[in-house]
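The values are calculated or read from the model by the stated rules, or taken from the named source; none is laboratory data. Note that this is a predicted model, so its numbers are computed, not measured. Cβ placement follows ideal geometry from the backbone for every residue including glycine, while neighbour counts extend to all protein chains displayed.
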Amino acid sequence: MQSKLPDVGTTIFTVMSKMAQDYGAINLSQGFPDFDCPDRLKELVAFYINDKKNQYPPMAGIPLLRQEISNKINSLYGFDANPETEVTVTSGATEALFDAVQATVHQGDEVIIFDPAYDSYEPAILMAGGIPVRLPLRLSDYGIDWNRAADAITSRTRLIIINTPHNPCGVTLNRSDLDALAELVAETDILILSDEVYEHMVFDGEKHVSVLSHPSLKERSFAVFSFGKTYHATGWKLAYCVARPELMVEFRKIHQFVTFTTTSFLQYAIADFMAECPQHATELSDFYQTKRDYFCRLIQDSRFRFTPSKGTYFQLVDYSEISDQPDMDFVAELTRDKGVAAIPLAPFYRQAPDSRIIRLCFCKDDSTLERAAEILCAL
């Protein structure tokens, strides 16, 4: 049969996690913690399983959770989301991103994404019949060249996808970036899809800048967030999207036929946890900055060169003083022969630059980081 995605193989995250398992390597590749979610959250999950919250919840998510999301979004970003019409709970952020693309992109529409781009964006665009327009981030700082973005806009541009804090690069967009984006799309009907799943991991005293806080972008944006990332529970695959009612109507048309709804007892548990323990989210940046700083200190005497990440729980490192191998070959050897798994950047590009950069994940116990750093410093 003819493939709908002939150029798409198995995601690099699956490939590298399997290699880590096959070779018994320390997994600093796929972005999940090796520590557990909060005990109180687990208690609430157990309670609701035993409280018969095991049947279909409403398609858009249980009202209590949508209200808690609305409260949080208003508190952090000043966006007064109507929980009935502007908030939808999804089975992971990847589903939310897919739903937003399918809801808005038609055959022949162009969608601007920025390389290195998270690997689910382009397949979703292609399955909608859209045309990905991939623009490289600046190599110096992985920032967006807004003049180049302006030149890429045509009459067929339907959607621009941004990602802040950025996976895989660990950089963030600031208010001037959003102002530049708003100026680009003013007087057009171009929509914005903003991937903000690492919203609570922004470092060095900076604050996350959401499209929902921008006076003009909030009217034309889908904003996607992740409970899995925030609560150290990536396997639960629970996320949500916030958008204006006219956008959310179309979003839900897709959502209802992709997953329809998502796990009931998890929604009840998270709603209670959000109300009981709001400090978990607000203190998360400090928690992960401590891990970033510790990991960077551990590898500061290695031959890797790096600038500490500005957000997420990922750290890019340049291995050019260690090897001139392409990044896929380097991480394969690193996993197989040295015992540490990492993520190459090439799979996130349409045309990868001639650089020697890999991504390491520091959302691990200190003991895990220490064992990995010992190996990395010996290279």
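Of the residues making up the stretch 191-212, one or more are of a type outside the set (Phe, Trp, Tyr), in a helix (DSSP H, G or I) and under 19 Å from the mean Cα position of the chain (by Cα).
Among all positions in the stretch 243-258, there is at least one residue which is touching a residue at least 60 places away in the same chain (Cβ under 8 Å), surrounded by fewer than 16 Cβ atoms within 10 Å (Cβ to Cβ), under 25 Å from Phe13 (Cβ atoms) and among the β-branched types (Val, Ile, Thr).
A count restricted to the stretch 95-136 and to residues that are basic (Lys, Arg) and in contact with a helix residue (DSSP H, G or I) (Cβ under 7 Å, 6 or more places away or on another chain) stands at 0.
If I filter the stretch 116-130 for residues that are buried (at least 17 other Cβ atoms within 10 Å of the Cβ), over 14 Å from the mean Cα position of the chain (by Cα), closer than 21 Å to Pro344 by Cβ and among the acidic types (Asp, Glu), do I get at least one hit? Scanning the stretch 116-130, I find at least one residue that is buried (at least 17 other Cβ atoms within 10 Å of the Cβ), over 14 Å from the mean Cα position of the chain (by Cα), closer than 21 Å to Pro344 by Cβ and among the acidic types (Asp, Glu), so the answer is yes. Taken over the stretch 1-15, the residue count meeting the criterion of being touching a helix residue (DSSP H, G or I) at 6+ places or on another chain (Cβ under 8 Å) and at pLDDT below 85 is 1.
Tallying residues that are touching a residue at least 12 places away in the same chain (Cβ under 8 Å) and over 11 Å from Met59 (Cα atoms) within the stretch 259-279 yields 14.
For the stretch 20-34, state whether one or more residues are over 23 Å from Asp365 (Cα atoms), touching a helix residue (DSSP H, G or I) at 6+ places or on another chain (Cβ under 8 Å) and among the hydrophobic types (A, V, I, L, M, F, W, C). For the stretch 20-34, residues over 23 Å from Asp365 (Cα atoms), touching a helix residue (DSSP H, G or I) at 6+ places or on another chain (Cβ under 8 Å) and among the hydrophobic types (A, V, I, L, M, F, W, C): absent. Test each condition in (1) in a loop (DSSP other than H, G, I, E, B); (2) among the aliphatic types (A, V, I, L, M); (3) crowded, with 23+ Cβ neighbours inside 10 Å for Leu266 and report the one that comes out false. Here Leu266 clears every test but (1). The set of residues in the stretch 1-32 being surrounded by fewer than 18 Cβ atoms within 10 Å (Cβ to Cβ) and more than 23 Å from Ile125 (Cα to Cα) consists of Lys18, Gln21, Asp22, Tyr23, Gly24. Among the residues of the stretch 205-227, what is the count of those that are out of contact with any His (no Cβ under 8 Å at 6 or more places or on another chain) and closer than 20 Å to Asp286 by Cβ? Within the stretch 205-227, residues that are out of contact with any His (no Cβ under 8 Å at 6 or more places or on another chain) and closer than 20 Å to Asp286 by Cβ number 8.
A count restricted to the stretch 300-329 and to residues that are over 21 Å from His200 (Cβ atoms) and buried (at least 20 other Cβ atoms within 10 Å of the Cβ) stands at 4.
A residue that is under 26 Å from Met328 (Cα atoms), free of Cβ contacts under 8 Å to residues at least 40 places away in the same chain and not hydrophobic (A, V, I, L, M, F, W, C) occurs somewhere in the stretch 13-20.
What are the pairs, 6+ residues apart or on separate chains, where a residue within the stretch 132-150 that is touching a residue at least 40 places away in the same chain (Cβ under 8 Å) has its Cβ under 9 Å from a residue that is among the small types (Gly, Ala, Ser) and surrounded by fewer than 17 Cβ atoms within 10 Å (Cβ to Cβ)? From the stretch 132-150, the pairs are Leu139/Ser355.
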